[in-house]
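Heads up: the structure comes next, in structure tokens.
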Amino acid sequence: DKCIAIQKKLFSAECEKELLNLVESIFEELIPLDYSGLYIYNSKTQNLDLKLAHGFSEEERLIAEKTAMDRHPGKVFKTGTQIYVPDTENDPDNNTVDSPRTFNVRTRLYQPILVKGKCIGVFGVVSKRPDAFSDLQKKLFEFVCKVFGKARLNLLQVLEIKEANKELERLSLLATHTDNAVIITDKSGKIEWVN
């Protein structure tokens, strides 16, 4: 029931800001958050934009975004695999490189946001406590990241369709006020509108 409610909640978003607020509120219910950051890949800058920064000071947020590709978020983005460090003081894989924090980070959990097999971003949570996240919380975290990715893709597609419809409405309004025959087709030549 909880998973279905999460899906419904995320797919109800009508804009990206609302989607981000919803996913943050979901995580606050599921996992104790000292710090969390949701990064979305920006193909223009080829960097990870920090869209959500829970617990960050403005200075920490700026540093985290600027160095994201060189730290955990970048590693997770490039590999498409989760990083979980239950205790940074015992980290054989050396996954503890981080931007400055106001407290000592003991647990790290970074999850790729995958859409159709492609990584579009990364969500990370850290805690002051060692071994802070249970197996159930890690699975829920993974699930919410998957649903978020699908909901974001769906939202972007809906917004694209709405924008295309607005353009088509403007063109059809113009075409209805002419004496000439006007046919509007899609890229493949399929007729979409005739005056």
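Which semi-axes, in whole Å and largest first, does the equivalent ellipsoid of the stretch 115-195 have when worked out from the alpha carbon gyration tensor as the square roots of 5 times its eigenvalues?
On the way: eigenvalues 481, 28, 13 Å².
Semi-axes from the Cα gyration tensor: 49, 12, 8 Å.
Magnitude of the charge dipole for the chain, about its Cα centre and with charges confined to Cβ atoms of Lys, Arg (+1) and Asp, Glu (-1), is about 420 debye.
The separation of the stretch 114-136 from the stretch 9-30, counted between C-alpha centres, amounts to 16 Å. Rg and Dmax of the chain, based on Cα coordinates, read 21.3, 78 Å.
Only helical runs count toward this figure. For the chain, summing -39,500 (n - 2.57) over DSSP H runs of n ≥ 4 and dividing by all residues gives -14500 deg cm²/dmol at 222 nm.
Scanning residues 5 or more positions from Lys51 or on other chains, those with amide H under 5 Å from its amide H are Leu38, Tyr39, Ile40, with H placed 1.01 Å from N in the peptide plane.
Working note: Karplus 6.51/-1.76/1.60 with θ = phi - 60° gives the stretch 13-22 the couplings 4, 9, 8, 5, 4, 5, 4, 5, 4, 5 Hz, where Gly and Pro are set to x.
Taking amide hydrogens as placed 1.01 Å from N in the peptide plane, the amide H of Trp193 sits under 5 Å from those of Ile184, each at least 5 positions away in sequence or on another chain. Taking only Cα atoms and a 10 Å spring cutoff, compute GNM fluctuations for the chain and point out the largest among Arg108, Arg170, Arg61. Of Arg108, Arg170, Arg61, the most mobile in the Gaussian network model is Arg170. Residues of the stretch 177-195 falling in the label zone of Arg170, defined by backbone nitrogen less than 20 Å from a point 7 Å along Cα to beta-carbon, are 177-178, 182-187, 192-195.
Taking all protein chains as they are arranged and a probe of 1.4 Å, the heavy atoms of Glu167 leave approximately 80 Å² accessible to solvent.
Restricting the chymotrypsin sites (Phe, Trp or Tyr not before Pro) of the stretch 19-62 to loop positions (DSSP other than H, G, I, E, B) with no more than 13 neighbouring Cβ atoms within 10 Å leaves nothing. For Lys17 and Asp87, the FRET efficiency from 1/(1 + (r/R0)^6), where r spans their Cβ atoms and R0 equals 35 Å, is about 0.50.
Mind ranking 13-19, 82-88 by how tightly packed they are, going by the mean number of other C-beta atoms within 10 angstrom, highest first?
Numbers: 13-19: 14.1, 82-88: 16.3.
My ranking of the peptides, most packed first, is 82-88, 13-19.
The share of accessible area on the stretch 1-147 that comes from carbon and sulfur is 50 percent, using a 1.4 angstrom probe. Relative to a virtual label point 7 Å from the Cα of Lys139 in the Cα→beta-carbon direction, which members of the stretch 1-17 show backbone nitrogen distances below 17 Å? Hits in the stretch 1-17 for Lys139 at 17 Å: 1-7. Phi angles across the stretch 156-161 convert, under the Karplus curve 6.51 cos²θ - 1.76 cosθ + 1.60 with θ = phi - 60°, into 3J(HN,Hα) values of 4, 5, 4, 5, 4, 4 Hz, Gly and Pro given as x. Distance check, please: which entries in Lys9/Lys138; Lys44/Lys187; Lys118/Lys190 exceed 27 angstrom between their Cα atoms? Distance filter (> 27 Å) returns Lys118/Lys190. Here the 3J(HN,Hα) profile of the stretch 4-12, calculated from phi with Karplus coefficients 6.51, -1.76 and 1.60 at θ = phi - 60°, is 5, 4, 4, 4, 4, 4, 5, 6, 7 Hz, Gly and Pro shown as x.
The values are calculated or read from the model by the stated rules, or taken from the named source; none is laboratory data. The model shown is predicted, which means the values in this text are computed figures rather than measured ones. Glycine gets a Cβ as well: all are built from the backbone with ideal geometry, and neighbour counts include every protein chain shown. Accessible surface areas use protein heavy atoms only, side chains included; no ligands, DNA or RNA. Shrake-Rupley method; radii C 1.70, N 1.55, O 1.52, S 1.80 Å.
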